[in-house]
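J.: Pasting in a structure now, in structure tokens, and then I'll have a few things to ask.
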Amino acid sequence: MTTLLQVTVYSTQPYDADFLRQAAVTGIQWHFVGEALNLQTASLAAGSQAVCVFVNDDLSASVLAALRQQGVGAVALRCAGFNNVDLKAASQLGIRVARVPAYSPEAVAEHCVAMILCLNRKLHKAYNRVRDDNFSLQGLIGFNLAGKTVGLIGTGRIGAATARILHGFGMQILCYDPKPQPELLPPSARYVELTQLYHDSDIISLHCPLTPDSHHLINAVSLAQMKNGVMLINTSRGGLIDTKAVIAALKNHKIGLLGLDVYEQEADLFFKDLSDQMISDEVFQRLLTFPNVLITGHQAFLTQEALTQISQTTVQNLQLLCTGAACSNELTS
Ligand code: NAD
């Protein structure tokens, strides 16, 4: 009889369970829990050889140590970003960690472009107006994307996919990345220094990882270098933006339009139905008061194709990590 690999899946949403079950019908015994992973919930992994986690699960040194005590030897991230994992502590504890580096970058790129179009053409307002029998166009004026300049910070898989879509709109594309990959980019894209990107872009979109270097990349100093009325889009990680500086820039009209799929303190809010509760995060509440701000709850990845790829790669990662085999998606400190 084959022994099933026991895996505790944290922060499980119904669609996670569906797609993971489809990806591994045999070989893995899934233990789905809705709770996020933290020091209090680490004990739920007792009896599992591995845990499967998402963007807002806490994989700090103390939580990893608690997992190790339960017998957990592997962590499978069902996402690309790994800013929430203390890789050094994992290595010291002998816990192997793997991520899903590439899963349909188009899913995130298309959501980014959806935010640009929605904010520009004010579709969120138009939707409500028409449902209210209000057919006035007052206040709904947008601008043509053709001929405008977009600045992309980070041109890895998602940034490059975004560039390819925006090339189709006839935009000029300025890129900044410490590791340029011009071969991934369309003809209308070129690399420039960050200061020029800030200075010349009508729209700025973030596609770099959150690291100690990129934390609060968008702050009062960088905002001051941008065009008045700039559109800022963040589908990457909330910590790239100093939210209080952004609120000040909305108030003085430096930022004309803001689209966020991620938020610095999202772990307390996103992926839950809080509609019958009071939200105590006053910074988030302030953001919601602006008519020129569009927020989605970290859903840029949420397509059929991406969820299928995430689940399939996660299952492969788990099988490799737990059998001691080499895994090309393994993260090292
Ligand atoms: P990637 O690794 O393919 O590309 C990231 C790029 O950013 C690389 O080219 C890297 O050189 C560059 N970079 C690193 N530091 C930088 C800096 N300080 N300034 C500018 N560029 C920098 O990653 P990807 O697959 O394109 O994903 C990008 C980010 O998108 C991830 O780190 C993750 O945080 C985020 N993401 C969000 C969602 C979502 O649902 N909202 C889904 C997937 C990924």
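The values are calculated or read from the model by the stated rules, or taken from the named source; none is laboratory data. What you see is a predicted model, and the numbers here were worked out from it, not measured in a lab. Ideal geometry is used to build each Cβ from the backbone, glycine not excepted, and the neighbour counts take in all protein chains shown. The protein model used for the area step is the full one, side chains on, heavy atoms only, and it has no ligands, DNA or RNA in it. Shrake-Rupley method; radii C 1.70, N 1.55, O 1.52, S 1.80 Å.
J.: Taking segment 272-305 on its own, how many of its residues are within 16 Å of the ligand (Cβ to nearest atom) and either open to solvent by 60 Å² or more (accessible area, probe 1.4 Å) or in contact with a Ser or Thr (Cβ under 6 Å, 6 or more places away or on another chain) (or both)?
T.: The number of residues fulfilling the criteria is 5.
J.: Next question. Name the helices (runs of 4 or more DSSP H) wholly inside segment 115-209 in which the number of residues that are free of Cβ contacts under 8 Å to residues at least 12 places away in the same chain is 2 or more.
T.: In segment 115-209, the matching helices (runs of 4 or more DSSP H) lie at 123-131.
J.: Kindly indicate whether any position in segment 248-256 is open to solvent by less than 20 Å² (accessible area, probe 1.4 Å), touching a residue at least 40 places away in the same chain (Cβ under 8 Å) and over 25 Å from Glu110 (Cβ atoms).
T.: yes
J.: Take Val221 and decide whether it is over 15 Å from Gly151 (Cβ atoms), in the same structural domain as Leu206 (by TED's automatic domain parsing), of a type in the set (Val, Ile, Thr) and within 16 Å of the ligand (Cβ to nearest atom).
T.: Considered against the rule, which asks whether it is over 15 Å from Gly151 (Cβ atoms), in the same structural domain as Leu206 (by TED's automatic domain parsing), of a type in the set (Val, Ile, Thr) and within 16 Å of the ligand (Cβ to nearest atom), Val221 comes out as yes.
J.: If Thr308 meets every condition in (1) in contact with a strand residue (DSSP E or B) (Cβ under 6 Å, 6 or more places away or on another chain); (2) away from the ligand (no atom under 14 Å from the Cβ); (3) farther than 24 Å from Leu258 by Cβ apart from one, which number is that one?
T.: Result: Thr308 passes all but (1).
J.: What number of residues in segment 7-30 are under 13 Å from Ala76 (Cβ atoms), more than 23 Å from the chain's Cα centre (by Cα) and in contact (Cβ under 8 Å) with a residue 24 or more places away in the chain?
T.: The total comes to 3.
J.: For the structure I just gave you, tell me whether Phe290 is in a loop (DSSP other than H, G, I, E, B) and within 17 Å of the chain's Cα centre (by Cα).
T.: So Phe290 does not fit the description; no.
J.: Continuing with this model, one more query. Among the residues of segment 56-102, which ones are open to solvent by less than 30 Å² (accessible area, probe 1.4 Å), in contact (Cβ under 8 Å) with a residue 60 or more places away in the chain and in contact with an Asp or Glu (Cβ under 8 Å, 6 or more places away or on another chain)?
T.: Within segment 56-102, Arg78, Val97, Ala98 qualify.
J.: Output the residues belonging to segment 219-249 that are part of a strand (DSSP E or B) and within 16 Å of the chain's Cα centre (by Cα).
T.: Leu232, Ile233, Asn234, Ile241
J.: While we're looking at this one, here's another question. Could you please find all residues in segment 2-21 being surrounded by fewer than 20 Cβ atoms within 10 Å (Cβ to Cβ) and on the phi > 0 side of the Ramachandran plot?
T.: Correct list: empty.
J.: From the list Pro209, Pro182, pick out the single residue that is open to solvent by 40 Å² or more (accessible area, probe 1.4 Å), at pLDDT 95 or above and assigned by TED's automatic domain parsing to the domain that holds Cys112.
T.: Pro182
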